[in-house]
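> Below is a structure I'd like to ask you about.
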Amino acid sequence: MDMKKRVSLELRHRSPTEVQELVLDNCRSGEGKIEGITEEFSNLELLSLINVGLTSVADIPKLDKLKKLELSDNRISGGLELLSERLVNLTHLNLSGNKFKDIGTLEPLKKLPQLKSLDLFNCEVTNLADYRDSIFKLLPQLTYLDGYDIDDCEASDSDGEVVDEEDEEEGDSEDFDEEEEEDEEDVVAAEEVDSDDDSNEDEDGEVNGDVDSEDDDDDEDDDDSG
């Protein structure tokens, strides 16, 4: 499927301004260029173009809110200055599996002050001596390169984002509340079962009482006949 048609399908009758994430992986780009994505996607925060046959990012539009750009497994070898001009708030960039051979081709990324995470797996540039040191020196704003920081500590998750402690506490609190609700439901269910058992016992008692009463009446009749 070509990229323009895929964009239309992903919209699902929405306007471009409503879209925050756009995943176009494995579709086909005409002549190795970006197609169907315009500045109308003004609220886009994530754009994924993995394995779409790109050779250039020349046609990427200005997207001020874009934070994450996935470009892995394409054939891009340069032209990154356009990213620094049009994606000024980019924080995560994945260029793995492309054709970058030397450090100089990555120099335009210096103009992306918010860039925190860069991936270059399976690019020839990673084979250079002192590759990691050179990249961190070139791009001091980086926190993670290929999933590890300058001290070789692994990122906390796949995006290199640290989970907020308050969010964790809120999550734990929600889990605790859910457990309490489940316990309360179990107690109510148990009480209902006990109630059913008691009512069954009462019914059994009434039945047995009726039977005993009938037996007594029969005995009295026998005595009278005797």
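> Which order do PHE100, PHE41 fall in if you start with the one that has the fewest other Cβ atoms within 10 Å?
Starting with the residue having the fewest Cβ neighbours, the order is PHE100, PHE41.
> Describe numerically, in nm with one decimal, the distance between label points set 7 Å from Cα along Cα→Cβ at ASN127 and at ASP64.
4.3
> So how far, in whole Å, is the C-alpha centre of region 92-163 from the one of region 1-76?
22
> Length gain on complete extension for the stretch VAL88 to SER8, per 0.36 nm per residue less the alpha carbon to alpha carbon distance? Kindly include the intermediate steps, with their values, before the conclusion.
Values: separation 80, 0.36 × 80 = 28.80 nm, distance 2.59 nm.
Here the segment from VAL88 to SER8 would lengthen by 26.2 nm.
> Between ASP149 and LYS110, what is 0.36 nm times their sequence separation minus the Cα-Cα distance? Round to one decimal in nm.
Residue separation times 0.36 nm, minus the Cα-Cα distance, leaves 12.3 nm.
We did not get these values from a lab; they are worked out from the coordinates using the rules stated. Note that the structure is predicted; figures quoted are calculated from it, not measured. Glycine also receives a Cβ, built like all others from the backbone with ideal geometry; neighbour counts cover every protein chain displayed.
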